[in-house]
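The values are calculated or read from the model by the stated rules, or taken from the named source; none is laboratory data. None of these values were measured; they are calculated from a predicted model. Reconstructed Cβ throughout: ideal geometry from the backbone, glycine too, with neighbour counts over all protein chains shown. Side chains are part of the model used for accessible areas, which takes the heavy atoms of the whole protein and leaves out ligands, DNA and RNA. Shrake-Rupley method; radii C 1.70, N 1.55, O 1.52, S 1.80 Å.
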Amino acid sequence: MLTRCGSKHGGLVTATSQVTPVGKAAGTSSRPVVGSSSVGVFMRITRMALQYKLRLFIGLIAIFLASGFQLAIPMLIGSAVDAATGLEEGSLKIANSAVITLIDTTTDIFGEGSNPSKTALIIIAVLLFITSVGRGLSAMFQNYMGESIGQSIGYELRMLYYEKLQRLSFSYHAGVHTGDLITRGIVDVEGVRMFVQTALLRSVFLIVLIGTGMYLMLSEDLVLGLISLSFVPFVAWRATTARLKLRSNWYSLQERLSALTKVMDENLGGIRVVRSFASQDHEMKKFDEASNETLALANVQVGIRASNISLMGVAFMLSMAGVLWVGGLQVIDGELTLGELTQFLAFMSILLQPVRQIGMMINGYARGSATGGRLFQVLDIDPSIQDKPDAKDLEITNGTLEFHNVSFGYEEDHTLNGVSFKVEPGHTVGIVGPPGSGKSTIAHLVPRFYDPKKGHITIDGQDLRDVTLDSIRKAVGVVEQDTFLFTASVEHNVAYGDPWAPDDRVESASKHAQLGDYIDRLPGGYDTMVGERGVSLSGGQRQRLSIARSIMLKPQLIVFDDSTAAIDAATEQRIRAALTELTKDRATIIISHRLSSLMHADEILFIEEGKIVERGSHEELLTQGGHYNDLYELQIRPSEKWQQ
Amino acid sequence: MTDRHIHERSHEIPPKASIKLGPTLDEEVFGEAFNGQVVGRFMKYIAAYKVLLWVAITAVGVFTVSSITIPLIVKNVFDDALKDGAGDRSKLATMVVVFLVAVGFNFVANYFQELIVGRIAERILIDMRRAMYEHLQRVSLSFMDKTEIGKLMSRLQGDVAALQEFLQTAVFAIGDIVLLIGIIGAMIWLDWRLGLMTLTVVPILLIIRIIWLPYARQSFLRARVTSSIVSGALAENINGIRAVQGMSREYVNYDLFDIRATDNLKAANKASKFGVMMLPIVDTLTGTAMAIVVIIGGFFVLGGTVELGVMVAFVLFVQRFFDPIRALTMHYNVLQRAMASGERIFEVIDVPVDIKNKPNAIHPEEIDGSISFENVTFGYVENQPILKDINFEVKPGETVALVGPTGSGKTSTTALVHRFYDIWEGSVKVGGHDVRDVTQESLGEHVSMVLQEPFLFSGTIFENIIYAKEGATREDVVAAAQAVGAHEFIMKLPDGYETELEQRGGNLSLGQRQLLSFARAIVADSKILVLDEATASIDSYTEMLIQQALERLMEGRTGMVIAHRLATIRGADRIIVLQDGRIVEQGNHDELMANGGLYSRLYSMNYASFDDIPDELIAQATKAARESST
């Protein structure tokens, strides 16, 4: 599917530029989008729903049955009233011919009772009961099919979305707000699901029910029918506009609420700053402002709802008054039976609920096309980094990494410019330079998180672009500066790259990363939960965990991307000593701005503005007396410097 | 089809991978639906809107009465105006007018009940959140230290929202009960025999609902829990995408996610089965009730004991009386949630405030900038003092560096100057006043703190520098930025001082954030500055800028610095060396070097920072220093 999904949007630039505005203003962009695309979105969701043929079929049958049963009830009630008014000239006064026929057939079979009115009432009561049960059962099937198709599509979208996110390259993830991606995966999938569940099948039901109901009423008596239906357009219009108004107001409210959340979150996160400046009053003012803004919008919400509900109610009851008046006059004139009048009243109350739901349905469409559009936008992006069709696995012969004149830029300007170097097994290359010089870019190019703009990178002579991503990432271990802890036990976190690893490998990796003692002291040892809902680790402990995670996999090439910044020098020393065995036949790259981390490297590259400005061993660089030497003076020998 | 999954699931769960993410079923409490204490305290918040509440209750009452009246008027239309062969136009007209009046009442009451109840609920939501938030501004830092922000946030948001829902529900639940009683009353009043017979279905529905409810709730809850597990897994994968891709965990994660998503799909389908199950049950009972009305009512009408209109009114009532029952059983859930939320909210509000202004606390306008610690003993946990009998004095304008290994008590010492905590013994004086005798506001005014981790708020750079300082001008802000050398980079930003900062200042480097926090302290212009120097290594250029800024910052102020950089330490007027909560040495750099104590030994180890020195070496140095002094 990877190849099938995309190709509408070319490279990474279109992909990110399309999405970034959403990331910046997730709230505003999620307003209902009405345009040509919404039809496409709607078609695509419908196509997904069509996969579930059996359930759709049952659902549709249930819809027709439910409508039929639903509409039969007012007729039966009307007929019951007629039947209860007794006989006129010896025969039943029931106006509804269909019910009469039913009664006649039944009496033909079972025989007439002593009192035809009573017999008719009993038959009608039985029919009412059967119709009600039928209505309940068909409504059950209709609702369940709708919900279950919705759930299945929700599941499918969720899986597709998850898979797509895993495939999308770093450049994509770097350009979007994670919160926005999460919202899409949760809220938007839910939006599409609700659309399928409430709008898709339900709309067929509403059309069938309201259409037939209106037809029946109008064909019965045009004037009375029109009066009793007079509430329909008003309520439908009102329900729809109010829903849409509530929706857009809801989005503004959500925006204000997230602003309020930010105020509270920052206040609590920065509580020490707040306390130290004794700025509680200032903070309360900020809170009140944000809070009152939400209140104002929430009140608008309440107001819309109140006027809407009461207006819809009054419209219905005014039509009812009209029916009572006009219908009443007709009854007095003998043109209408009481049963028929009752039938109109009962029809009205049966139509009220569905007409109100039109608003819900329209809202469902608006929400469905907006949320679906946002989802498909992500699903349709082609990952800029993916395996070539004929890619083979990387074949490691000895594990030599080479950069051949590599240039790279995220946008126009180059963060790396013509960088060449080679790391052989057993050797270590250290990379140092000011922030933004391009050090981390190198770390990201090795596992092919990005592709170079110019030049190429090889491992054992094979261009990274020609081999499978999976095999590269198995061969290359990057220890990142920012370690993400998963909500899981320490053990599962260390074994993240190979969840099948035996205990002793996890333990020895942790020990090598100088984390073993700490883990042993934890209340649950290796089973202690860490991450968002567990024990929180300090920066240095997280970095050590990250090192353990990488070295457990024993990758052929190891890149330390400033991964010891938060670890004290002595512990770092111990980690290095513990790793000598592992790195003795592996290529290692150490990126750091702490010289003590890399001065033992076989070759040190000093990078500035994407170029290698100095290279050589520690001693060579010191004698050169360039940038490296300056840095050394500043970092390592401050005491001597001060005494000069 | 258009979309298919990347590969077939292996269905093998790796031994070292977690499936559960998010709450388990047991964690979601099945609490009580009524807790007198919670409701009682909640009432106090409602009491503030007593008048409005009465209006709302009246509106609910009027609405209910008019709702019941309408079918009764229809009954009268049938019986009085349209009676067989005795049609009466003027009576019909009167009835229709009465009907319209009832509709009018119904409309107005409906509008006001919705509006007022909604508004009160929104207002109380704000009030409760505010009460909690304001309290959090005052509770002791030791509470904040050990409480996760996420937990507090969920109380400020989720729990408050649950209570709001409760209030809305409570009013409507009362409305439902009134309506139900009204309908039952009206039916019995119209014809008690027919009424009682029709009402037999009510207890049947109630019993079925009571049996159904626990199972249904369990399945709804499961659907909710599995759904939040799926959401949690998705969010985690997005946040940790680098680790996922870097370690090629895609396939394993896909499988694990599939397990969770499938679990959720099953749970959701089961929940919806429970949901739709009620439809035929309610409809069967409605059908039964209608059949009773038609047969019994019809026979009564035929026999002349009951008027036709009664039968019509009954039909109209039957269609309505299941709604309140259905709603009422649903409300049970809301009640349960609200009680649990209420408990959690009041738990926060009940956290005692340890540090309060004395009733007669003074607020000195000017202080001289001296600090003194007299026999100070302090700790966070009983019987485990962090500081032991500390004595020292800082003269106005002097800069003192606090130095010592991790855990020696440096941070605690600085926190006490601002009275973040109250000490166990002794006294801390600022400007000659015991910190417990002055207001906390005055301490905030006279003592500025710069934290190790610069914390920036979202907003513009200008807003961050001026922060809470009243009366500061734009010139003050620019001057402060210039003084610390931040002006240059600020002007290079797209909107200069008006540049919006991303979350926590994410669009700035650590060094730049540091400089802004210095500028903020300069604008605050306090006599005393307490500074915790950053340990994170920054590049050498920024490092230099920060050192210069630090000097400007200290000018004319009393300074107390937790120093990590040797340059800072050497530049201090005096160095206080702490170890295990005691002062082991003090003096300037040269004096301490000449002393040959712990400081000189640590210093000569050539570490860039004292915090980098491994424990063993410190232990050795300590031992050596002790031996040489005896």
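Pick from B:195, B:175, B:185: which is in a helix (DSSP H, G or I) and surrounded by fewer than 17 Cβ atoms within 10 Å (Cβ to Cβ)?
Sole residue among the options that is in a helix (DSSP H, G or I) and surrounded by fewer than 17 Cβ atoms within 10 Å (Cβ to Cβ): B:185.
For residue A:244, state whether it is without any contact (Cβ under 8 Å) to a residue 60 or more places away in the chain and either assigned to a helix (DSSP H, G or I) or over 22 Å from residue A:354 (Cα atoms) (or both).
Judged against the criteria, residue A:244 is not a match.
If I go through the stretch B:250-270 residue by residue, how many of them are more than 9 Å from chain A (Cβ to nearest Cβ) and among the small types (Gly, Ala, Ser)?
Selection size over the stretch B:250-270: 1.
Which residues, counting only those in the stretch B:378-397, are outside any loop (DSSP other than H, G, I, E, B) and open to solvent by 20 Å² or more (accessible area, probe 1.4 Å)?
Residues satisfying the conditions are B:381, B:384, B:388, B:389, B:391, B:393.
Within the group A:340, A:335, which residue is open to solvent by 20 Å² or more (accessible area, probe 1.4 Å) and part of a loop (DSSP other than H, G, I, E, B)?
A:335
Kindly indicate whether residue B:461 is open to solvent by less than 50 Å² (accessible area, probe 1.4 Å), within 11 Å of chain A (Cβ to nearest Cβ) and of a type in the set (A, V, I, L, M, F, W, C).
For residue B:461, the condition - open to solvent by less than 50 Å² (accessible area, probe 1.4 Å), within 11 Å of chain A (Cβ to nearest Cβ) and of a type in the set (A, V, I, L, M, F, W, C) - is not met.
When you look at residue A:272, is it open to solvent by 40 Å² or more (accessible area, probe 1.4 Å) and facing chain B (nearest Cβ under 10 Å), yes or no?
Yes, satisfied.
Report every pair of residues separated by at least 6 positions or lying on different chains whose Cβ atoms are under 8 Å apart, first residue within the stretch B:601-630 and assigned by TED's automatic domain parsing to the domain that holds residue B:407 and of a type in the set (A, V, I, L, M), second modelled with pLDDT of 75 or more and exposed (fewer than 15 other Cβ atoms within 10 Å of the Cβ).
B:625/B:596
Determine which single condition residue A:544 fails, assuming it passes every other condition in (1) surrounded by fewer than 23 Cβ atoms within 10 Å (Cβ to Cβ); (2) under 24 Å from residue A:441 (Cα atoms).
It fails just one condition, (1).
What are the pairs, 6+ residues apart or on separate chains, where a residue within the stretch A:439-455 that is open to solvent by 20 Å² or more (accessible area, probe 1.4 Å) has its Cβ under 7 Å from a residue that is charged (D, E, K, R)?
From residues that are open to solvent by 20 Å² or more (accessible area, probe 1.4 Å), the pairs are A:440/A:561; A:451/A:465.
Could we say that residue A:72 is closer than 17 Å to residue B:294 by Cβ, modelled with pLDDT of 85 or more, aliphatic (A, V, I, L, M) and not in a loop (DSSP other than H, G, I, E, B) here?
Criteria met by residue A:72.
When the residues of the stretch B:296-309 are filtered to those that are within 17 Å of residue B:197 (Cβ to Cβ) and surrounded by 23 or more Cβ atoms within 10 Å (Cβ to Cβ), which remaining residue is farthest from the chain's Cα centre (by Cα)?
Among those residues, the one meeting the criterion is B:301.
Out of B:400, B:428, B:417, I need the residue that is open to solvent by less than 10 Å² (accessible area, probe 1.4 Å), within 13 Å of another protein chain (Cβ to nearest Cβ) and among the β-branched types (Val, Ile, Thr). Which one?
After ruling out the rest, the residue left standing is B:417.
Scan the stretch A:278-313 for residues that are of a type in the set (Lys, Arg) and either at the interface with chain B (Cβ under 7 Å from one of its Cβ atoms) or under 31 Å from the mean Cα position of the chain (by Cα) (or both) and jot them down.
A:286, A:305
Let me spell it out: the conditions are (1) without any contact (Cβ under 8 Å) to a residue 12 or more places away in the chain; (2) farther than 30 Å from residue A:446 by Cα; (3) buried (at least 21 other Cβ atoms within 10 Å of the Cβ), and residue B:229 meets all of them except one. Which number is the exception?
The one condition residue B:229 does not meet is (1).
Can you name every residue in the stretch B:594-605 that is surrounded by fewer than 15 Cβ atoms within 10 Å (Cβ to Cβ) and either within 50 Å of the chain's Cα centre (by Cα) or within 11 Å of chain A (Cβ to nearest Cβ) (or both)?
Scanning the stretch B:594-605 gives a single hit, B:604.
Give just the number: which of (1) crowded, with 17+ Cβ neighbours inside 10 Å; (2) over 18 Å from the mean Cα position of the chain (by Cα) does residue A:216 not satisfy?
All conditions are met except number (1).
Scanning for something more than 8 Å from chain B (Cβ to nearest Cβ), among the β-branched types (Val, Ile, Thr) and part of a helix (DSSP H, G or I), does the stretch A:314-325 turn up at least one residue?
yes
Give me a count of the residues in the stretch B:146-171 that are open to solvent by 60 Å² or more (accessible area, probe 1.4 Å) and in contact (Cβ under 8 Å) with a residue 60 or more places away in the chain.
Total meeting the criteria: 1.
Looking only at the stretch A:169-176, decide whether some residue is more than 9 Å from every other protein chain (Cβ to nearest Cβ), in a loop (DSSP other than H, G, I, E, B) and open to solvent by 20 Å² or more (accessible area, probe 1.4 Å).
Within the stretch A:169-176, not a single residue is more than 9 Å from every other protein chain (Cβ to nearest Cβ), in a loop (DSSP other than H, G, I, E, B) and open to solvent by 20 Å² or more (accessible area, probe 1.4 Å).
Taking residue B:66 as meeting all but one of (1) in contact (Cβ under 8 Å) with a residue 24 or more places away in the chain; (2) of a type in the set (Gly, Ala, Ser); (3) farther than 30 Å from residue A:330 by Cα, write down the number of the exception.
(3)
Among strands (runs of 3 or more DSSP E) lying entirely in the stretch A:557-639, which contain 3 or more residues that are open to solvent by 30 Å² or more (accessible area, probe 1.4 Å)?
A:611-616
Which members of the stretch B:40-93 meet the condition of being under 29 Å from residue B:311 (Cα atoms), open to solvent by less than 50 Å² (accessible area, probe 1.4 Å) and assigned to a loop (DSSP other than H, G, I, E, B)?
B:82, B:87, B:88
Among the candidates A:483, A:487, which residue alone is within 8 Å of chain B (Cβ to nearest Cβ), farther than 21 Å from residue A:174 by Cα, in contact with a Lys or Arg (Cβ under 7 Å, 6 or more places away or on another chain) and modelled with pLDDT under 95?
Just a single option satisfies the conditions, and that option is A:487.
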